[in-house]
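Values in this text are rule-based calculations from the coordinates and carry no lab data. Computed from a predicted model, the values in this text were never measured in an experiment. Counting neighbours? That spans all protein chains shown, and the Cβs are built from the backbone with ideal geometry, glycine included.
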Amino acid sequence: AKGDPAKGKQIVDTVCAACHGADGNSVAAANPSLAGQNPQYLYSQLKAFKSGERKNPTMFGMSAGLSDDDMRNLAAYFSQQKPKEREAADKQQMPLGAKIYRVGNASTHVPACMSCHGPAGKGLPDQFPRLGSQHAGYVAKQLADFKAGTDRKNTIMADIASRMTDAEMKAVSEYISGL
Ligand code: HEM
Ligand code: HEM
């Protein structure tokens with residue numbers, strides 16, 4: 001069932017906006033932007049925070065009081081907001097970042113990110129999140145978390161992250177922030 005974005009907005013204005021921005025475009029690099037994110041993905045992450053499957057103390061607290069309907073309403077609201085375009089801050093990372101994102105690394109079997117996250121970083125329907133214009137610092141932390149496998153578990157992304165070097169993660173995170 002689809003959520004009601006107007007009901008979602010009421011929760012955003014009182015609770016989420018402080019960290020994620022009233023329109024889902026956050027300022028601090030540690031707080032992900034949620035504007036334009038895939039609604040199915042947003043809903044699944046809120047459920048994962050609440051159940052403790054995805055471990056983050058802040059978001060565990062934030063999701064504790066949310067009902068299933070609240071989560072659907074929040075997902076509907078954020079998914080309908082317009083993502084703010086960004087420029088990658090560290091231009092030196094672009095060649096390697098673009099290569100990983102668009103081609104991957106054949107020698108270590110890192111697949112092209114765009115095969116699941118889309119050529120323009122907009123994600124694909126259902127479970128493949130949008131990455132475009134996300135904060136580089138947040139993206140890099142997620143890749144490290146997938147690789148470590150303690151706070152965040154996902155079979156596909158754990159396998160990919162475990163094949164990547166720190167330099168590749170840094171470069172692709174910068175590239176993604178400018179997509
Ligand atoms: C992550 C939603 C409130 C800080 C997330 C994510 C979602 C979300 C969906 C995962 C995004 C992704 O995977 O791309 C919400 C909602 C809120 C809320 C609906 C209100 C009910 C807050 C507040 C803070 C906060 C108030 C700060 C005090 C964070 C941080 C992360 C995060 C730091 C990243 C966690 C990590 O590194 O894995 N939030 N959030 N959130 N949120 Fe919130
Ligand atoms: C999630 C990066 C390749 C499938 C994510 C996230 C990041 C990321 C940063 C978390 C997004 C967020 O928290 O908002 C990358 C990079 C890739 C890559 C840098 C290339 C090196 C792929 C490929 C696939 C894939 C090839 C499919 C075969 C997924 C899925 C999720 C995800 C399903 C959601 C995981 C969950 O539910 O927790 N990816 N990705 N990714 N990615 Fe990738």
Next item on the list: Give me the lysines in straight-line cross-link reach of K50: C-alpha distance below 27 Å, same-chain residues under 8 apart excluded.
Entry: K2, K7, K9, K82, K122, K141, K147, K153
Check: Label-point separation (nm) for K84 and N105, each offset 7 Å from Cα along Cα-to-Cβ?
Finding: 3.2 nm
Notebook entry, point to check: Between Rg and the Kirkwood Rh of the range 102-179, both from Cα atoms, what is the Rg to Rh ratio?
Noted result: 0.92
Next item on the list: Could you give the size of the charge dipole of the chain about its Cα centre, using +1 on the Cβ of each K and R and -1 on the Cβ of each D and E, expressed in debye and rounded to the nearest 20?
Entry: 180 debye
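Using a/c under 1.5 as the rounded threshold, could you call the range 1-80 rounded, prolate or oblate? The axes a ≥ b ≥ c are square roots of the C-alpha gyration tensor eigenvalues, and prolate needs a/b larger than b/c, oblate otherwise.
rounded
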Note to self: Need the C-alpha centroid separation for the range 74-97 versus the range 3-24, integer Å.
What the structure shows: 19 Å
Notebook entry, point to check: For the range 77-87, what does the Karplus curve 6.51 cos²θ - 1.76 cosθ + 1.60, with θ = phi - 60°, yield as ³J(HN,Hα) per residue in whole Hz, taken in order and with x for Gly and Pro?
Noted result: 4, 5, 5, 8, 7, 8, x, 7, 6, 10, 10
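Would you mind ranking M169, M94 by Cβ crowding within 10 Å, fewest neighbours first?
Details: M169 21, M94 14.
Neighbour counts put them in this order, fewest first: M94, M169.
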Notebook entry, point to check: What value, in deg cm²/dmol to 500, does the helix sum -39500 (n - 2.57) over DSSP H runs of n ≥ 4 give at 222 nm once divided by the residues of the chain?
Noted result: -14000 deg cm²/dmol
Check: How far is helix 136-148 tilted off the main Cα axis of the chain, in degrees rounded to 10, range 0 to 90?
Finding: 80 degrees
Margin query: Using the crude model of +1 on Lys and Arg Cβ and -1 on Asp and Glu Cβ, and no other charge, please compute the dipole size for the range 23-98 relative to its Cα centre, in debye to 20.
Written below: 120 debye
Notebook entry, point to check: Quick one: which of 119-131, 59-71 comes out on top by average Cβ neighbours within 10 Å, and what's the full order, highest first?
Noted result: 119-131, 59-71
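Evaluate 2.2 N^0.38 Å with N set to the residue count of the chain, then give the Cα radius of gyration divided by it.
Compactness ratio reported: 1.01.
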